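What follows is a set of notes on a single structure, which appears directly below.
No value in this document is a laboratory result; all are computed from the given coordinates. What you see is a predicted model, and the numbers here were worked out from it, not measured in a lab. All Cβ positions, glycine included, derive from the backbone under ideal geometry; neighbour counts span all protein chains shown.
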Amino acid sequence: MNFEGRDILTTENLSKNDILEIMKVTEKMEDVFKKEHFSTLLSDKMVAVVFLEPSTRTRLSFETAVQRLGAKTITIADPKSSSTQKGESLADTAKTIEGYVDCIVIRQPLKGGAKIVADAVDIPVINGGDGAGQHPTQALLDLYTIKKEKGKLDNLKVAMVGDLKFGRTVHSLSYALAPFNPEYIYCAPDQLQIPHNIIDDIKKLSIPYSKTSDINDALKADILYMTRIQKERFEDPTEYEKLKGSFILTRELVKKGKEGIAIMHPLPRVNEIAVEVDDLPNAAYFRQAHNGVYLRMALLAMVMGRA
Ligand code: CP
């Protein structure tokens, strides 16, 4: 499977073999990170990390990944400091940056915006989150985390809880796990349920799923994937105020859950997982965030033809 020159914009077009290959390279990158600390694999490469929306994990783990592989990075961390503020289009921004680097990582608020960037340039583009669309590198690091936490990817019951409408991570995860015979429990208030187009695709793939607004149903899963209610995506702030505390996972609730249930969250959290849960051995969300570096090292090496 050759990833050289490929864009990573969505998880919909990744095959099972693609994903298994990415998992294999990610394992190697974890070894590089832990044993060698730095590598010269990409020492002749430069990567633009362009973030036109806030981020802690995705931007910093990409920058860490770039530097651990010996490449250099240029970055936009604050949209106010880029010429998009003067009205420059995404395509023009991308064509300009193409002349400076070998790969672009882009986060921006428009669903489908990463594709606009990819269509404008000939170098690989990695989507670091496009509005309420997709977040493919998050889903891939989620799979890597699931594999480490549960020892497998196949035949797992996965509950996704919270804001499934605007939460791009659960959109990407629904597609990324699809080749591994999963069962999905979508747990959300009615207003924030998983979009119909994703349900249509899940049905076409014959993946069993259920919808609920009761977190007790979600506790029956092997993986409990909590998400934040995405305040920044609401047009009406009063609607957010009504929904913001919909689900709060406590130790008491975890005790009622399936034995060994792995608790995941793409982070940042607001209040949907009580801090008292953090000490539980099955609270995997900070390990999940750390896995992001290895996964992003793998993707960078793969799309630049060095894996
Ligand atoms: N999970 C995630 O995308 O986190 P950031 O918004 O901090 O990058």
Check: Relative contact order of the chain: what whole-number percent is it, with Cα pairs under 8 angstrom and at least 6 residues apart?
Finding: 21
Notebook entry, point to check: Using only helices, what value at 222 nm comes out for the chain when you add -39,500 (n - 2.57) per DSSP H run of length 4 or more and divide by the total residues, to the nearest 500 deg cm²/dmol?
Noted result: -11000 deg cm²/dmol
Next item on the list: Excluding residues fewer than 8 places away in the same chain, name every one of the aspartates and glutamates whose C-alpha is closer than 18 Å to that of residue 256.
Entry: 214, 217, 222, 272, 276, 278, 279
Notebook entry, point to check: Which FRET efficiency, nearest 0.05, do residue 217 and residue 20 yield, Cβ-Cβ r, R0 30 Å?
Noted result: 0.45
Check: So for the pair residue 256, residue 77, with labels modelled 7 Å out along Cα→Cβ, what separation do we get in nm?
Finding: 4.2
Check: Reachable aspartates and glutamates from residue 86, Cα under 15 Å, same-chain residues fewer than 8 places away excluded?
Finding: 78
Checklist line | Exceeding the 18 Å Cα-Cα cut-off - candidates 24/220; 24/152; 111/211; 157/211 | finding: 24/220; 111/211
Notebook entry, point to check: If one puts a single equal scatterer on every Cα of the stretch 215-307 and applies the Debye formula without solvent, what log₁₀ I(q)/I(0) results at q = 0.19 Å⁻¹?
Noted result: -0.91
Note to self: Given the options 166, 155, 226, identify the residue whose Cα lies farthest towards the positive end of the charge dipole of the stretch 116-250 (+1 on Cβ of Lys, Arg; -1 on Cβ of Asp, Glu).
What the structure shows: 155
Next item on the list: Based on other C-beta atoms within 10 Å, arrange 144, 240 from fewest to most.
Entry: 240, 144
Check: At each listed q (0.08, 0.14, 0.15 Å⁻¹), what is the log10 of I(q)/I(0) that the Debye formula gives for the chain modelled as equal alpha-carbon point scatterers?
Finding: -0.34, -1.06, -1.21
Margin query: Kirkwood hydrodynamic radius, the stretch 136-288, all distinct C-alpha pairs: what's the number in Å?
Written below: 15.4
Next item on the list: About the Cα centre of the stretch 136-288, how large is the charge dipole given +1 on each Lys and Arg Cβ and -1 on each Asp and Glu Cβ? Please answer in debye to the nearest 20.
Entry: 380
Note to self: Let me check against my output: what whole-number percent is the relative contact order of the stretch 136-288, with C-alpha pairs under 8 Å and at least 6 apart?
What the structure shows: 25
Next item on the list: For residue 28, go through the aspartates and glutamates and keep the ones whose alpha-carbon is under 13 Å away, minus same-chain ones fewer than eight residues off.
Entry: 36
Checklist line | Point-charge dipole on Cβ atoms (K/R +1, D/E -1) for the stretch 13-82, about Cα centre, debye to 20 | finding: 80
Next item on the list: Evaluate the charge dipole of the stretch 243-307 about its Cα centre and quote only its size in Debye, nearest 20, assuming +1 on the Cβ of each Lys and Arg and -1 on the Cβ of each Asp and Glu.
Entry: 240
Checklist line | For 103, 187, order by how many other beta-carbon atoms lie within 10 Å, fewest first | finding: 103, 187
Next item on the list: Return the loop-located GluC sites (Glu not before Pro) in the stretch 1-95 (DSSP other than H, G, I, E, B) with at most 14 other Cβ atoms within 10 Å of their own Cβ; answer none if there are none.
Entry: 4, 88
Next item on the list: Please tell me the relative contact order of the stretch 149-195 in percent, rounded to the nearest whole number, where contacts are Cα pairs under 8 Å and at least six residues apart.
Entry: 52
